[in-house]
Amino acid sequence: MTGSYQPDGTATLEVRDVTVRFAGLTALDAVSLTVEPGSVHAVIGPNGAGKSTCFNVLSGVYTAAAGSVRFGGAELTRLSTHRIAALGVARTFQNIALPPRLSVRDNLLLGRHRLTRAGFLSAGLHLPAARREAARHLARVEEIAAFVGIAGRLSAPVGLLPYGVQKRVELARALCMEPRLLLLDEPVAGMNGGERAEMAELIVAIKESLGISILLVEHDMGIVMRLADAVTVLDFGRRIAGGPPEEVQRDPAVIRAYLGAATDLEEHA
Amino acid sequence: MYKLLTWLGGIAVALFVPFYLEGFWLQAGLFTMSAAIGAIGINLLTGATGQLSLGHAFFLAVGAYAYVYFAAEPEGHLAGLNLPTPLAAVLAVIVAGIAGGLFSPIAGRLKGAYLGIATLALIFLGQHLLFNAEPLTGGYNGRAVPPMELFGLVFADTPELVILNVPFGVLERLWFLGLAVLLVAAWFAKGVLRGRPGRAMNTIRDHEIAAGVMGVPVGRYRAGVFVLSSMYAGAAGVMLALVFQRTVPEYFGMLLSLDYLAMIVIGGLGSVAGAVVGAVFVSFLPQLLTRYSDALPLVAEPGSGGVSPAEAARILYGAAVVAVVLFLPGGLLGLATRIRLAVTRRVQLPAELTPSPDSRS
């Protein structure tokens, strides 16, 4: 299975000894993890543990100082963001990153960027080929919008929508890339209970009906325990534990990282 | 439907203008058309993609002077290729695009205000070349612009041409050419903005990292938009040269670049209509003030000391820029949209804009 390349299906994501430094601060220190095809893998850890940095390395926003990231047959560490996107790696952001004045429809169509071809000339000249291409992809965009539950909002400018809906739009935009690997950076952060449950159901539905691998950063332990097939725990840039969720939950190192050392606890008790 | 009627009405009015208005207004209108073409170009770059350019005047100069060079007969120490004028105009636009392309390694790598500072250098480079590359540019005196000749029709005062009892001089003839070029320029830009490139450009402006992650090659797009905007500036330069009938080097300076930025800020950033509205505002105002300088308080006749009409116009639209930035984030176009929305909302509340029960943010 290791490093195998499956053009139509999903592929294994292998992160090996990735290190990231920001001028003396080691944000990630030799972190390794493996995401099996079609599984949901959660990365958890206290604030500042390096979870978002890890995502930024995987999507090409940051360059790793050392280590390798392999997805299918490709090495991602030296690729620019748009080339990683072209391999079928999609992501959402912790803080919503949608152009607020564009409609939901246009935002989702941006997700089709890598699958479409119209350039300045064919778009400017209103060529029939460009129009046909847009119509074809719009049909798929509407399907995905319905799947994510935002079909009624396609014409609304994103900036006018409630926060929970914007989070869904971002997820839909990532799905519009037809990804093989989906990176979700805190998909339920800032949501209320009802919205959290709906988003969790949606992620389960994505896993089951689309069969893509999902890497998830999340603080909500209930969601993590419910969704994840495997968990990696980071603390101060280091991987301190990993494995099935129920095992990780009981790991003393993890409890220490979240709640402080046992001695501290006794002192405060 | 409503939009289509406005368009058709506007075009019909524009077609009849040369039959009724005198030369002064036609010239002001032609300047405005040329400005609108250039403004559409810089709005693609600055408004839609978020890349500031202070070098727009340089590319206007490239377009204007390249047209003259390609079209003029060699004369004395002045060089020229004596090509057919339509070909010269097309080549001039292409040369402006190439000039933009030569700058694109920088335009692709710098973002926002940093590009603005880098493009400032183009202004000084341009001024130096215009004054000193005499065989090409005619130096301080500039060069006479050969009239355009399209399908046997010469865009000049001779030979005489009378249509419906109206003598058609250079301005009347150019009016239709300018209108056609402006419409094509606007149509093309609208296609770009509404299509795949426009979505990518807007996302680069609002969330550069997100654009890259969604598969948009950010650097390549920035460079491409820069080239496209240079070509629009080149086309505006050719139009301007044809209307002026003479190229003057100091015209293509820093102030012209700032005028273009003022246009898109006042009219509305990121849209074709905003660029056109802003171009009308910024290039019509000085003409109006010149025309009525004797009737207006505080504005002196040009050359008589005191505040000249051109200076008064600059002060006025400087104030307009400040007012727009403070009170009208969408520019004049945004104001129009807001008024229209307010009117329609009174008739019927659009479902998507009403606060929904799940909005708690």
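The values are calculated or read from the model by the stated rules, or taken from the named source; none is laboratory data. Here the structure is a predicted model, which means the values were calculated and not measured. FYI the Cβ positions are ideal-geometry reconstructions off the backbone, even for glycines, and counts take in every protein chain you see. Accessible surface areas use protein heavy atoms only, side chains included; no ligands, DNA or RNA. Shrake-Rupley method; radii C 1.70, N 1.55, O 1.52, S 1.80 Å.
Legend: mean number of C-beta atoms from other chains within 10 angstrom of residue C-beta atoms, peptide B:78-84, equals 0. A protection proxy built from the mean count of other Cβ atoms within 10 Å ranks the segments B:265-277, B:25-37, A:19-31, most packed first, as B:265-277, B:25-37, A:19-31.
Accessible area per residue for chain A, computed on protein heavy atoms with a 1.4 Å probe, is 43 Å². Scalar couplings 3J(HN,Hα) for segment B:99-107, obtained by applying the Karplus form with A = 6.51, B = -1.76, C = 1.60 to θ = phi - 60°, are 4, x, x, 5, 8, 5, x, 7, 5 Hz; x denotes Gly and Pro. Sequence-distant contacts, meaning Cα pairs under 8 Å at least 6 residues apart, place the relative contact order of segment A:98-177 at 54 percent.
If only the Cβ of Lys and Arg carry +1 and only the Cβ of Asp and Glu carry -1, the dipole of segment A:98-177 around its Cα centre is close to 100 debye.
Beta bridges from DSSP with both residues in segment A:153-269: antiparallel share about 50 percent, rounded to the nearest 5. Rounded to whole numbers, the Karplus 3J(HN,Hα) couplings from phi for segment B:213-225 are 5, 7, x, 8, x, 4, x, 5, 5, 4, 5, x, 5 Hz, using 6.51 cos²θ - 1.76 cosθ + 1.60 with θ = phi - 60°, and x at Gly and Pro.
Counting only GluC sites (Glu not before Pro) that DSSP places in a loop and that have at most 10 other Cβ atoms within 10 Å, the longest clean stretch of chain B runs over B:161-361. Mean separation of Cα pairs under 8 Å and 6 or more residues apart, divided by the residue count, gives chain B a relative contact order of 27 percent. Note on B:236-247: average number of Cβ atoms from other chains within 10 Å of each residue's Cβ is 0. Take every DSSP beta bridge whose two residues both sit in chain A; close to 55 percent of them are antiparallel.
Between A:Leu181, A:Leu138, A:Leu125, the residue with the greatest mean-square fluctuation in the GNM of chain A (Cα pairs under 10 Å linked by springs) is A:Leu125.
Note on B:204-210: average number of Cβ atoms from other chains within 10 Å of each residue's Cβ is 6.
When the Cα positions of B:Tyr221, B:Phe155, B:Leu296 are compared along the charge dipole of chain B, B:Tyr221 comes out farthest toward the positive end, with charges on each C-beta of Lys, Arg, Asp and Glu. Considering only A:Pro252, A:Val224, A:Ala205, and ranking their Cα positions along the charge dipole of segment A:162-269 that arises from unit charges at the beta-carbon of Lys, Arg, Asp and Glu, the one farthest toward the positive end is A:Ala205.
Only Cα pairs under 8 Å and at least 6 apart count here; give the relative contact order of segment A:155-232 as a rounded whole percent. Write down the numbers at each step before the final one.
Numbers: 52 pairs, mean separation 25.3, N = 78.
Dividing the mean separation by the residue count of segment A:155-232 yields 32 percent.
Only protein heavy atoms count here, probed at 1.4 Å, and on that basis chains B and A bury about 3300 Å² of accessible area in total.
Mind ranking B:175-185, B:8-18 by how tightly packed they are, going by the mean number of other C-beta atoms within 10 angstrom, highest first?
By packing density, highest mean first, the sequence is B:175-185, B:8-18.
Compare the Cα positions of B:Val17, B:Leu164, B:Pro146 along the charge dipole of segment B:15-253 (+1 at Cβ of Lys, Arg; -1 at Cβ of Asp, Glu; about the Cα centre) and return the one farthest towards the positive end. Towards the positive end, the residue furthest out is B:Val17. Taking a ≥ b ≥ c as the square roots of the eigenvalues of the Cα gyration tensor, segment B:15-253 is oblate, since a/c reaches 1.5 or more and a/b is not larger than b/c. Antiparallel versus total DSSP beta bridges in the protein assembly as shown: what percent is that, nearest 5? In the protein assembly as shown, approximately 65 percent of DSSP beta bridges are antiparallel ones.
So, with +1 on the Cβ of K and R and -1 on the Cβ of D and E, and no other charges, what is the size of the charge dipole of the protein assembly as shown about its Cα centre, to the nearest 20 debye? Display every interim value, and only then the final one.
On the way: 48 positive and 45 negative charges, 164 e Å.
For the protein assembly as shown, the charge dipole is close to 780 debye.
Our note on the geometry: Cα centres of segment A:101-116 and segment B:101-156, 36 Å apart. Ligands, DNA and RNA left out, the 1.4 Å accessible surface of segment B:15-253 is 68% carbon and sulfur atoms.
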